[in-house]
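The values are calculated or read from the model by the stated rules, or taken from the named source; none is laboratory data. Computed from a prediction, not measured in an experiment: that's the story for all the values here. Backbone-built Cβ (ideal geometry, glycine too); neighbour counts: all protein chains shown. Accessible surface is based on the protein model in full, side chains and every heavy atom, while ligands, DNA and RNA are left aside. Shrake-Rupley method; radii C 1.70, N 1.55, O 1.52, S 1.80 Å.
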Amino acid sequence: RMGMREAPAVAMQAKLATSFARSQDTLFDYQRFWAHSVACALVAHRLVTDRSLPLAAAPEFSDYWIVCLLHDIGKLVMGTFFWEHFARVMGESVTGEMSFREAERRLGDVAHHTEIGQLVLERSHMKPLLTQTVGHHHDLPDIPEDLDCLLHVSNYICHRLGMSYPVGGDVSFDDKVFQAMHLSQQDIDQLADDIGGPVLAQVKELLSDAA
């Protein structure tokens, strides 16, 4: 369906995902987690193929697919093996109407999900560009790279479409991305409206096929 060039990138993620054993003590919503991750990758794919963002050059499919599909892999580790801490952060995020990352900072910022995600990708021998993008996707550098901006926009659109995990909370948009991409809030919201329906239908179809 995706082509011979893209299939190996997806296979790598499937192998990584299945390497985690599920704990019997967790209430982590695996389906919701993967729905958000897949939605983020699909949004990014639409943004790239439709040339909706002023990127200097179209990034490699495998690069943006990997970082979008695995940007929150640290949450999977936390929710599977450290459920009590994950649940506390999730509760703080929802009740305080803040992002998951902001809730982590408020609760002490110990082994936050972006740091864990970066370590997982490093141990999986992903190239530095990808590990760094995942590692700072909520704490962007002063001059973000195109891949940083693409992930940030895609993640934001997913939250706006109601495809977040944890459900609820909030996600803030970094002004550095507005400046780098020469976009306004209205532009981003319009992109979400334009691609939201097709992406949600695709996510539903993919999850149904995987069930």
Report task. Identify all residues within region 174-195 that are within 15 Å of Leu42 (Cβ to Cβ) and open to solvent by 40 Å² or more (accessible area, probe 1.4 Å); write none if there are none. Result -> Asp194
Report summary line: Screening Val167, Val153, Val171 for residues that are surrounded by fewer than 18 Cβ atoms within 10 Å (Cβ to Cβ) and under 22 Å from Gln202 (Cβ atoms) leaves only Val167
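So which residues in region 48-89 are more than 18 Å from the chain's Cα centre (by Cα), on the phi < 0 side of the Ramachandran plot and not in a helix (DSSP H, G or I), if there are any at all?
Asp50, Ser52, Pro54, Leu55, Ala56, Ala57, Ala58, Phe82 - these are the residues of region 48-89 that are more than 18 Å from the chain's Cα centre (by Cα), on the phi < 0 side of the Ramachandran plot and not in a helix (DSSP H, G or I).
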Query - Residue check for Arg88: farther than 15 Å from Leu27 by Cβ and of a type outside the set (Phe, Trp, Tyr) - result: no
Query raised in the report: Could you list, in sequence order, the residues of region 83-114 that are surrounded by fewer than 17 Cβ atoms within 10 Å (Cβ to Cβ) and either within 18 Å of Leu151 (Cβ to Cβ) or of a type in the set (Phe, Trp, Tyr) (or both)?
Result: Trp83
Report summary line: Out of (1) in contact (Cβ under 8 Å) with a residue 12 or more places away in the chain; (2) part of a helix (DSSP H, G or I); (3) not small (Gly, Ala, Ser), the one Glu97 does not meet is (2)
Query raised in the report: Taking Glu92 and the conditions (1) in a helix (DSSP H, G or I); (2) modelled with pLDDT under 90; (3) acidic (Asp, Glu), which numbered condition does it fall short on, given that it satisfies the others?
Result: (2)
Query raised in the report: Are there any pairs with C-beta distances below 6 angstrom linking a residue in region 121-134 that is open to solvent by less than 10 Å² (accessible area, probe 1.4 Å) to a residue that is among the small types (Gly, Ala, Ser) and not in a loop (DSSP other than H, G, I, E, B), with the two at least 6 apart or on different chains, and if so which?
Result: Val134/Gly117
Report summary line: Checked region 93-137 for anything of a type in the set (Asp, Glu) and closer than 21 Å to Asp174 by Cβ; matches are Glu97, Glu102, Glu104, Asp109, Glu115
